[in-house]
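Chemist: Structure below; questions to follow.
The values are calculated or read from the model by the stated rules, or taken from the named source; none is laboratory data. Everything numeric here is computed off the predicted structure, so don't read it as measured data. Every residue, glycine among them, receives a Cβ derived from its backbone with ideal geometry; neighbour counts consider all protein chains shown.
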Amino acid sequence: MKAMGGNLRNGILNISILDTNELYSCFMPFVEGGGLFLRTNKEYTLGEEVFVLLELMDEPDKVPLTGKIIWVTPIGSGSRPQGVGIQFSDENVDLFRKIETSLAGLLDSDRPTYTM
């Protein structure tokens, strides 16, 4: 992934996902390489690169995450929360696998998520 320096219009997103149900609602397994929906009221455009510090359940430290915006849910979208979906960069393969493992029993669920 190219350096993000001056392209980081909205700064760093600090996101907390502290339980399995929220992780399930945010996870986007249908995205190539993995993705997460992040609840935020910051405005982003498709294709924009983002840097996230993710507080993830049992992880002792925040997980740095880079990716690009591939989904936007604007305010007022019915029952879905406002936010963005990001596609993980190649550097985040381990995070994708860790999330899949955490959600192993839920991935085939019919429960709705924030995106589908």
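Chemist: Kindly provide the set of residues from the range 74-91 that are in contact with a strand residue (DSSP E or B) (Cβ under 6 Å, 6 or more places away or on another chain) and either aliphatic (A, V, I, L, M) or under 18 Å from Phe30 (Cβ atoms) (or both), ordered by number.
Modeler: Result: Arg80, Gly83, Val84, Gly85, Ile86, Gln87, Phe88, Ser89.
Chemist: Just one of the numbered conditions (1) assigned to a loop (DSSP other than H, G, I, E, B); (2) closer than 14 Å to Val84 by Cα; (3) at pLDDT 90 or above is not true of Val52; which one?
Modeler: Just one mismatch for Val52, condition (1).
Chemist: Anything in the range 17-49 that is among the aliphatic types (A, V, I, L, M) and in a loop (DSSP other than H, G, I, E, B)? List them, or say none.
Modeler: Passing the criteria: Leu18, Met28, Val31, Leu46.
Chemist: Looking at the range 64-81, which of the residues that are over 12 Å from the mean Cα position of the chain (by Cα), in contact (Cβ under 8 Å) with a residue 24 or more places away in the chain and surrounded by 11 or more Cβ atoms within 10 Å (Cβ to Cβ) is farthest from Leu23 (Cα to Cα)?
Modeler: Thr73
Chemist: Further, regarding this structure: Do we find a residue being among the basic types (Lys, Arg) and at pLDDT below 90 anywhere in the range 32-41?
Modeler: No, the range 32-41 contains no residue that is among the basic types (Lys, Arg) and at pLDDT below 90.
Chemist: Of the numbered conditions (1) exposed (fewer than 13 other Cβ atoms within 10 Å of the Cβ); (2) modelled with pLDDT under 90, Asp19 fails exactly one; give the number of that condition.
Modeler: (2)
Chemist: Among the residues that make up the range 98-115, is at least one of them crowded, with 16+ Cβ neighbours inside 10 Å, within 14 Å of Cys26 (Cα to Cα), at pLDDT 90 or above and in contact with a Gly (Cβ under 6 Å, 6 or more places away or on another chain)?
Modeler: No, the range 98-115 contains no residue that is crowded, with 16+ Cβ neighbours inside 10 Å, within 14 Å of Cys26 (Cα to Cα), at pLDDT 90 or above and in contact with a Gly (Cβ under 6 Å, 6 or more places away or on another chain).
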